[in-house]
Amino acid sequence: DPVTRLPNRLRFVSRLDALIVRGGGRPFHLAICDLDGFRKINVAHGPYVADQVLAEIAERLRAAAASVSAEGLFVGRLGADQFAVLAQVEGAQVDAFLARAEEAVRQPIHAGGGQLQLTAAFGAARFP
């Protein structure tokens, strides 16, 4: 993805399909992060600031993933304001990632000459 420098939706879904089909039934978790009210930022501040915010959120999610596991977490951008993580780690590590990621998103973002506050909805599922 050119804005976030994360794998885009196509690459993420390809990795997900590979885990399901060729993963040999090994368990993994899929976590989704959907930014709350992001459209308002885009409308109020414009696409340049919105892209800055997305890039910062991507970096924060990447850092949260790295703090939990050196490998085993794959972060990608699914859509305009949606990110996803494939986690081939234990459930406790997924919980730790979600807690760190949620806190990271809540931290103020300095963009467009001001400070913005975001929240996000997170959800996770385990396969199989």
Could you tell me which GluC sites (Glu not before Pro) in region 30-103 are loop residues by DSSP with no more than 14 other beta carbons within 10 angstrom of their beta carbon?
Glu71, Glu90
For the pair Thr119/Asp34, report the inter-label distance in nm, with labels modelled 7 Å from Cα in the Cβ direction.
1.5
Under 14 Å from the Cβ of Val3, count the other residues' Cβ atoms, weight Lys and Arg +1, Asp and Glu -1, and hand me the total.
-1
Solvent-accessible area per residue for the chain at a 1.4 Å probe radius, Å²?
55
Estimated FRET transfer efficiency when R0 is 22 angstrom, pair His110-Asn8 (beta carbons, to 0.05)
0.25
Where the accessible area of the chain is counted over protein heavy atoms with a 1.4 Å probe, how much of it, in %, is carbon and sulfur?
52
Please work out the FRET efficiency for the pair Arg26 and Ala92, using the Cβ-Cβ distance as r and a Förster radius of 22 Å; give the result to the nearest 0.05.
0.80
Loop-resident trypsin sites (Lys or Arg not before Pro) in region 1-69 with no more than 15 other Cβ atoms inside 10 Å, DSSP not H/G/I/E/B, are Arg5
Total formal charge among the other residues, if their Cβ is under 15 angstrom from that of Ala99, Lys/Arg +1 and Asp/Glu -1:
-1
Give me the distance in nm between label points sitting 7 Å out from Cα along the Cα-to-Cβ direction at Ala63 and Arg15, one decimal.
2.0
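The values are calculated or read from the model by the stated rules, or taken from the named source; none is laboratory data. Everything numeric in this text was worked out from a predicted model, so none of it was measured. Cβ coordinates were reconstructed from backbone atoms using ideal geometry, including for glycine residues, and neighbour counts include every protein chain displayed. Each accessible area value is taken on the protein alone, full model and side chains, heavy atoms only, with ligands, DNA and RNA left out. Shrake-Rupley method; radii C 1.70, N 1.55, O 1.52, S 1.80 Å.
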